[in-house]
Amino acid sequence: MIEVKDIKKTYKTGDVEFEALSGVSFTIKDGEFVAIMGPSGSGKSTLMHILGALDKPSSGTYFLDGKDVSILTDDELADIRKDKIGFVFQSFNLLPRTTVLRNVMLPLVYDGIEQKERENRAKKALLLAGLDEGHFLNLSNQLSGGQIQRVAIARALVNNPSLILADEPTGNLDSKTSEIVLATFQKLNKELGRTIILITHEQDIAEHADRILFIKDGLLEERATHIKKIASQIIKHI
């Protein structure tokens, strides 16, 4: 599904150049759950913007579903974001005085889909995200943090994207609520086959994925989550 080859990204400020990505390469298969982990300033946000078709690399190639995203025009990138990628952000980005249902329906308005179909698709997405039907007509500012994030996940699902890109989705949540949200991602991945990329700086959050791509100083390495989990279990019993 995703193939990244020797991606580099250089920013220029006057005569000063900063290389945020220094030749990153990896693949992600359709239906995988992958975490990209790294400290602040590591390059993970830059990589996220490229994977989300929000920015283009300075060099290298990025293929999504067989299409080279790295050479597309701004209008073509907008189409990729609309049709192929569902975004879930740390800050939720919901309209506070709008009902849950209307928040999820909003992306469909721009596609010219008629009202009844918008409602049906939004309700289906909300149920897939694990939100109880009794909350559909609540305003988003009447929900708990975990419920709000589930609404954000539903909004990401409503266009039936091939890729869900979650950027620090638990950053504003407590530990218990974070586990609920992460369990939702795992269910979407395991039961529905959604491809998920989770961006985080926290090891325990990253370990909910099947693979971890660790980025530091613009370079990438892979870590197996099952090895980390086994090691942590051994430590607990020592």
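With respect to the conditions (1) closer than 25 Å to residue 21 by Cβ; (2) buried (at least 19 other Cβ atoms within 10 Å of the Cβ); (3) modelled with pLDDT under 90, residue 171 falls short on a single one, namely (2). Could you please tell me which pairs satisfy a Cβ distance under 7 Å, a separation of 6+ or placement on different chains, a first residue in the range 74-86 that is closer than 17 Å to residue 155 by Cα and of a type in the set (Gly, Ala, Ser), and a second residue that is assigned to a helix (DSSP H, G or I) and modelled with pLDDT of 90 or more? As it stands, the answer is 86/156; 86/157, since those pairs meet every condition given. Scanning the range 55-68 for any residue that is loosely packed, with under 14 Cβ neighbours inside 10 Å and under 14 Å from residue 155 (Cβ atoms) turns up nothing. Return a yes/no flag: does the range 68-88 have any residue that is closer than 22 Å to residue 186 by Cα, aliphatic (A, V, I, L, M) and either in contact with a helix residue (DSSP H, G or I) (Cβ under 7 Å, 6 or more places away or on another chain) or assigned to a loop (DSSP other than H, G, I, E, B) (or both). Within the range 68-88, one or more residues are closer than 22 Å to residue 186 by Cα, aliphatic (A, V, I, L, M) and either in contact with a helix residue (DSSP H, G or I) (Cβ under 7 Å, 6 or more places away or on another chain) or assigned to a loop (DSSP other than H, G, I, E, B) (or both). Do we have residue 151 as hydrophobic (A, V, I, L, M, F, W, C), touching a Pro at 6+ places or on another chain (Cβ under 7 Å) and either crowded, with 20+ Cβ neighbours inside 10 Å or closer than 29 Å to residue 210 by Cβ (or both) here? No; evaluated as a whole, the condition is false for this residue. Please work out if residue 42 is of a type in the set (Ser, Thr, Tyr), touching a Phe, Trp or Tyr at 6+ places or on another chain (Cβ under 7 Å) and crowded, with 17+ Cβ neighbours inside 10 Å. So residue 42 fails the test. Within the set 127, 101, the sole residue that is modelled with pLDDT of 90 or more and surrounded by fewer than 17 Cβ atoms within 10 Å (Cβ to Cβ) turns out to be 127.
Apart from one condition, residue 179 fits all of (1) at pLDDT below 90; (2) within 28 Å of residue 39 (Cα to Cα); (3) among the acidic types (Asp, Glu); the exception is (1). Looking across the range 169-188, the residues that are of a type outside the set (Ser, Thr, Tyr) and out of contact with any helix residue (DSSP H, G or I) (no Cβ under 8 Å at 6 or more places or on another chain) come down to 171, 176, 179, 183, 186, 187. Within the range 178-192, residues that are over 12 Å from residue 130 (Cβ atoms) sit with their Cβ atoms under 8 Å from residues that are at pLDDT below 90 and among the polar types (S, T, N, Q), at 6+ positions apart or across chains, in these pairs: 178/170. Considering only residues in the range 137-148 that are touching a strand residue (DSSP E or B) at 6+ places or on another chain (Cβ under 7 Å) and assigned to a loop (DSSP other than H, G, I, E, B), the one that is surrounded by the fewest Cβ atoms within 10 Å (Cβ to Cβ) turns out to be 137. In the range 1-28, the residues that are surrounded by 17 or more Cβ atoms within 10 Å (Cβ to Cβ) form Cβ pairs under 8 Å with partners that are of a type in the set (A, V, I, L, M, F, W, C) and part of a loop (DSSP other than H, G, I, E, B), at six or more places apart or across chains, as follows: 28/1.
Scanning the range 99-132 for residues that are under 18 Å from residue 147 (Cα atoms), in a helix (DSSP H, G or I), touching a residue at least 40 places away in the same chain (Cβ under 8 Å) and not aliphatic (A, V, I, L, M) gives a single hit, 103.
The values are calculated or read from the model by the stated rules, or taken from the named source; none is laboratory data. All values reported here derive from a predicted model rather than from experimental measurement. Note that each Cβ is placed from the backbone with ideal geometry, even for glycine, and that neighbours are counted across all protein chains shown.
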